[in-house]
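Nothing in this text is a laboratory measurement; each read-out follows from the coordinates by a stated rule. All figures in this text were calculated on a predicted structure; none of them were measured in a lab. Neighbour counts run over all protein chains shown; Cβ positions are idealised from the backbone, glycine included.
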Amino acid sequence: MKNHLFLAFTNLKRRKLRSWLTILGIFIGIAAVVSLISLGQGLQNFIDTQFEQLGADKIIIEPESFGPPGSVSDEQLILDDGDLKTIQNFRGVESAESILTRTGVIENKKEQEVVFINGVSEEYINLFDGSDFVEVIEGRQIKNSDNSKTVVGYNHVYGNIWENELRVGSSIEIKGKKFDIVGVLRKQGNPFDDNSIWIEKETLRNIFEIGNEEGIIVAKADSGFDVEVIAEGIRNELRNEKDQEEGEETFSVQTSAQLLETFSTIFTVIQAVFVGIAAISLVVGGIGIMNTMYTSVLERTKEIGTMKAVGAKNSDILFIFLFESGLLGLVGGIIGILLGAGIGKSVEYVATVQLGTNYLQAIFGWQLIIGAMTFSFIIGALSGVLPAMQAASLKPAEALRHA
Amino acid sequence: MGKNTIIELKNVEKHYQMGDSIIKALDGVSTEINKGDFIVILGPSGSGKSTMMNMVGALDLATKGSIYLDGENIENFTESELAQIRGRKIGFVFQTFNLIPTLTALENVMIPMIFQGVETEKRIEKGTKILKKVGLGHRTGHLPGELSGGERQRVAIARALANNPDVILADEPTGNLDSKTGKEIMKIFTDLNKKGKTIILVTHDLALAKHAKKILKIKDGRLEKQS
């Protein structure tokens, strides 16, 4: 077998340009598949981490809206303190709290920035006790008595939002009201969170003159209760109170699992489409290998005849040609993996540095690398089956007559 | 069939389909080739001598009649078995050398041994020895493209000798060489014959016939005369 591989390899060297062109057809496809899967893996990991942080026992109730948080203005659409009470009192709900969000201008000396301002309560923070979402890396979290204190997102201190440096102890102004920075949030890896600031909820309500709106409500299910069942119960209860028809609710109730599933599904569909396109290019690449191999068999007919004359069995010829096409695939695969890794890492770089997110980490497990190499070898070998069989079945006397 | 007979053809016919008509390339050929023979199969182009070579070399099966190799009817073997037997018992030398251009002289010589499953070290050792014997000990690492015609044919002869076969079957081995080089090559064949190898030479060149112990003249698919 080692010798067949050697013979196959020498044949490839002979037609360098053609071999490379054939390989090109494969490595583009493999590069696409590898970069997409690696990024997909990264995104999946991100989703899994988020799920872990959110906790499986959470139910998120929010107004149906298509804009960014805080953009709900229609009185009909908002969730109010009545809704929050309903949820808090629902059987199986251990606790429920809301987060209110507004877009606002904050001032740091002469500078101004528009950011998301979140209004939170101690109870809300406690809902996520132990999670990265509410962790402060410096100072402390918001307390209910903090009417002029703020906890800022990571980028305010360590990012490049401000010319004038901010840190714990500095202060900023919102609508002319001064807030002292008492803490810095852990880096979340996306600009929405890392650029936002947190203040006490009732303070936010006063500054922005928000009535009884409750923004997004997060409920925590009691242990021993089925989260899905409670979510369904909350949905029915709210619908009844608001006198809405099923399917026409102005709010949504999702468990953390459902929330992430929605995310996952969209992402899986996108990935499937791209991998599908990549698969088409691999099929085309495979046809390219087949074409090259048929040409090769034709060109080397006399050589095949000679090898058979000097003792090559049909299986010897078959393996030489199968290895040859397999090698074309494998080399294409290796180059494709390297290129795919480059693309994946570039996307990761752009996402991290330019967009400030860490959703898109390109992750290359050995399974992906070994898998892609095996796959490309198999594509190559499969594409070579018919030409190799043709070569193997040549009659020596006729093959030797070939010019 | 004598006990020294290596190859025997009995009433061999070979037919080819050419459009609507059937061509009888060989039309009832019988002959015996014995160990130690130096046979020249002589005939003009189109006489059927190439077909004859294919039959003698077990490269093809007869349409009618039988071919025996060491007493065994070659029809009893599968294609692959026959290839293995060929590889062991018959060494082929072609007019156009038929070397693999990407392999060195030594690697080309090693090919028949690969198909017999000879181990790498043994192959290198034997291959080098044979190349020395044909006077190419200093060119083992050269590619065919770097060798002259005569040298290439020597490599081809070395390849034919790789598995130490009883029979060397050469098809116009001097056809692509100048006369001086041709003579050198013929010298190798006569020397091999003296050492006991059976040589079968297929040619249209009457001048080569003088080396033969036995000439098979072929015309229109029939043996004319055996002398």
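Taking Cα atoms, how many degrees apart are the long axis of helix A:314-349 and the longest axis of chain A, rounded to 10 and kept between 0 and 90?
The helix A:314-349 is inclined about 30 degrees to chain A.
Taking 0.36 nm per residue of separation and subtracting the Cα-Cα distance, what length does fully extending residue A:353 through residue A:223 add?
Values: separation 130, 0.36 × 130 = 46.80 nm, distance 4.07 nm.
So the chain would gain 42.7 nm between residue A:353 and residue A:223.
Just need log10 I(q)/I(0) for the stretch A:4-150 at q = 0.09, 0.16, 0.19 Å⁻¹, Debye formula, equal scatterers on the alpha-carbon atoms, no solvent, rounded to two decimals.
-0.55, -1.15, -1.35
How far, in nm, would the chain grow between residue A:386 and residue A:277 when pulled straight, counting 0.36 nm per residue and subtracting the alpha carbon separation?
36.7 nm
Label points 7 Å out from Cα along the Cβ direction at residue A:261 and residue B:211: separation in nm?
8.5
Take every residue in peptide B:82-93, count the Cβ atoms of other chains within 10 Å of its Cβ, and give the average of those counts.
Counting other chains' Cβ atoms within 10 Å and averaging over B:82-93 gives 4.
Would you work out which of A:26, A:60, A:82 lies farthest towards the positive end of the dipole of the stretch A:1-153? Charges go on Cβ: Lys and Arg +1, Asp and Glu -1.
Farthest along the dipole direction, towards plus: A:26.
Relative to the longest principal axis of chain B, what angle (0 to 90°, nearest 10) does the C-alpha long axis of helix B:120-133 take?
80
Would you mind counting up the charge near residue B:31? Only other residues with Cβ under 10 Å from its Cβ, with Lys and Arg at +1 and Asp and Glu at -1.
Working: positive: B:10, B:214; negative: B:8, B:32.
Combined, the nearby Lys, Arg, Asp and Glu give 0.
Taking every DSSP beta bridge with both residues inside the protein assembly as shown, roughly what % is antiparallel (nearest 5)?
Counting DSSP beta bridges with both partners in the protein assembly as shown, the antiparallel share is about 70 percent.
If only Cα atoms are counted, what is the Rg of the stretch A:237-331, and what is its Dmax, in Å?
For the stretch A:237-331, the Cα radius of gyration and maximum Cα-Cα distance read 28.8, 91 Å.
Under the rule of at least 5 residues apart or a separate chain, name every residue whose amide H is placed under 5 Å from the amide H of residue B:168.
Sorted by chain and number, the residues that satisfy this are B:91, B:198, B:199, B:200.
Ignore the peptide's own chain and count Cβ atoms of other chains within 10 Å of each Cβ in B:96-102; give me the average, rounded.
Taking the mean over all residues of the peptide, I get 5.
Residue by residue through A:312-320, how many Cβ atoms from other chains fall within 10 Å of the Cβ on average?
Counting Cβ atoms of other protein chains within 10 Å of each residue's Cβ and averaging gives 4.
Taking amide H atoms as placed 1.01 Å from N in the peptide plane, list the residues 5 or more away in sequence, or in a different chain, whose amide H sits under 5 Å from that of residue A:149.
A:180, A:200
Karplus couplings for the stretch B:134-149 from phi (6.51 cos²θ - 1.76 cosθ + 1.60, θ = phi - 60°), rounded to Hz, Gly and Pro as x?
8, x, 10, x, 8, 10, 4, x, 8, 7, x, x, 9, 10, 6, x
For the peptides A:267-277, B:124-134, B:103-113, what is the packing order when you average, over each peptide's residues, the other Cβ atoms within 10 Å and list the highest mean first?
Values: A:267-277: 13.5, B:124-134: 18.5, B:103-113: 24.2.
Those peptides, ordered most packed to least, come out B:103-113, B:124-134, A:267-277.
Counting only other residues whose beta carbon sits under 9 Å from that of residue B:83, what net charge do I get with K and R as +1, D and E as -1?
Values: positive: A:308, A:313, B:86; negative: A:316, B:79, B:81.
Summing Lys/Arg as +1 and Asp/Glu as -1 gives 0.
Using the Cα atoms as the points, what is the convex hull volume per residue of chain A in Å³? Write out the running numbers ahead of the final one.
On the way: hull volume 74.7 nm³, N = 403.
Dividing the Cα hull volume of chain A by its residue count gives 185 Å³.
So what's the angle, to the nearest 10 degrees on a 0 to 90 scale, between helix A:366-392 and the longest Cα principal axis of chain A?
30
Based on alpha-carbon centroids, what's the gap between the stretch A:230-250 and the stretch A:97-128 in Å, whole number please?
29
Take every DSSP beta bridge with both residues inside the stretch B:160-227 and express the antiparallel ones as a percent of the total, to the nearest 5.
45
Provide the per-residue ³J(HN,Hα) series for the stretch B:105-111, in order, calculated from phi with Karplus coefficients 6.51, -1.76, 1.60 and θ = phi - 60°, each as a whole number of Hz, with x at glycine and proline positions.
Karplus-based 3J(HN,Hα) across the stretch B:105-111 equals 3, 4, 4, 4, 5, 6, 4 Hz.
Taking the stretch A:68-171, which trypsin sites (Lys or Arg not before Pro) meet the DSSP loop condition and have no more than 15 other C-beta atoms within 10 Å?
A:91, A:109, A:110, A:140, A:143, A:167
To the nearest 0.05, how large is the calculated FRET efficiency for residue A:315 and residue B:133 if R₀ is 45 Å and r is the Cβ-Cβ distance? Please report the intermediate quantities before stating the final value.
Working: r = 31 Å, r/R0 = 0.70.
Computed FRET efficiency for residue A:315 and residue B:133: 0.90.
Arrange the peptides A:346-354, A:115-123 so that the one whose residues have, on average, the most other Cβ atoms within 10 Å appears first.
Packing proxy ranking, top to bottom: A:115-123, A:346-354.
Mean separation of Cα pairs under 8 Å and 6+ residues apart, divided by the residue count of the stretch B:124-203: what relative contact order is that in percent?
Relative contact order here is 30 percent.
Just list whichever of B:24/B:210; B:49/B:126; A:16/B:126; B:14/B:195; B:3/B:214 have alpha carbons separated by over 23 Å in the model shown.
Numbers: B:24/B:210 29 Å; B:49/B:126 33 Å; A:16/B:126 31 Å; B:14/B:195 33 Å; B:3/B:214 18 Å.
Listed pairs above 23 Å: B:24/B:210; B:49/B:126; A:16/B:126; B:14/B:195.
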